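Working notes, structure below.
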Amino acid sequence: MSSRRLRSMYLLGIGLNAIALVYAAMDGSPLFAGTFGLVMVYLGVRYWMVTNE
């Protein structure tokens, strides 16, 4: 898979997790919101690794 496609997939994943985090926080589910936050951090690190190749 090309790095351009990987970058777009990681950005899409970060965006979807951000939306899910907001909805989980508004619903009053801090455990789910925290989980989505951790996934966003992981995807952000992976995105950073792909862009620095």
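If you go through segment 1-27 and pick out every residue that is over 18 Å from Gly44 (Cβ atoms) and open to solvent by 100 Å² or more (accessible area, probe 1.4 Å), you end up with 4.
In segment 28-53, what count of residues is obtained for those that are part of a helix (DSSP H, G or I) and either open to solvent by 100 Å² or more (accessible area, probe 1.4 Å) or touching a strand residue (DSSP E or B) at 6+ places or on another chain (Cβ under 7 Å) (or both)?
Step one: filter segment 28-53 for residues part of a helix (DSSP H, G or I), giving 30-51.
Those left that are additionally either open to solvent by 100 Å² or more (accessible area, probe 1.4 Å) or touching a strand residue (DSSP E or B) at 6+ places or on another chain (Cβ under 7 Å) (or both): 30-32, 38, 42, 48.
Summing the residues that are part of a helix (DSSP H, G or I) and either open to solvent by 100 Å² or more (accessible area, probe 1.4 Å) or touching a strand residue (DSSP E or B) at 6+ places or on another chain (Cβ under 7 Å) (or both) in segment 28-53 gives 6.
Any residue in segment 34-53 that is within 19 Å of Ser8 (Cβ to Cβ) sitting within a Cβ distance under 7 Å of a residue that is open to solvent by 60 Å² or more (accessible area, probe 1.4 Å) and modelled with pLDDT under 95? List the pairs, counting only those 6 or more apart or interchain. From residues that are within 19 Å of Ser8 (Cβ to Cβ), the pairs are Tyr47/Arg7; Val50/Arg7; Thr51/Arg7. Listed by first and then second residue, the pairs linking a residue in segment 6-30 that is within 18 Å of Asn52 (Cβ to Cβ) to a residue that is of a type in the set (D, E, K, R), with Cβ atoms under 8 Å apart and 6 or more places separating them unless they lie on different chains, are Tyr10/Arg46. Considering every residue within segment 8-19, establish whether at least one is β-branched (Val, Ile, Thr), part of a helix (DSSP H, G or I) and within 9 Å of the chain's Cα centre (by Cα). Within segment 8-19, one or more residues are β-branched (Val, Ile, Thr), part of a helix (DSSP H, G or I) and within 9 Å of the chain's Cα centre (by Cα).
The values are calculated or read from the model by the stated rules, or taken from the named source; none is laboratory data. Just so we're clear, the structure is a prediction, and the values are computed from it rather than from any experiment. Glycine gets a Cβ as well: all are built from the backbone with ideal geometry, and neighbour counts include every protein chain shown. Surface accessibility is based on the protein's heavy atoms, side chains included, excluding ligands, DNA and RNA. Shrake-Rupley method; radii C 1.70, N 1.55, O 1.52, S 1.80 Å.
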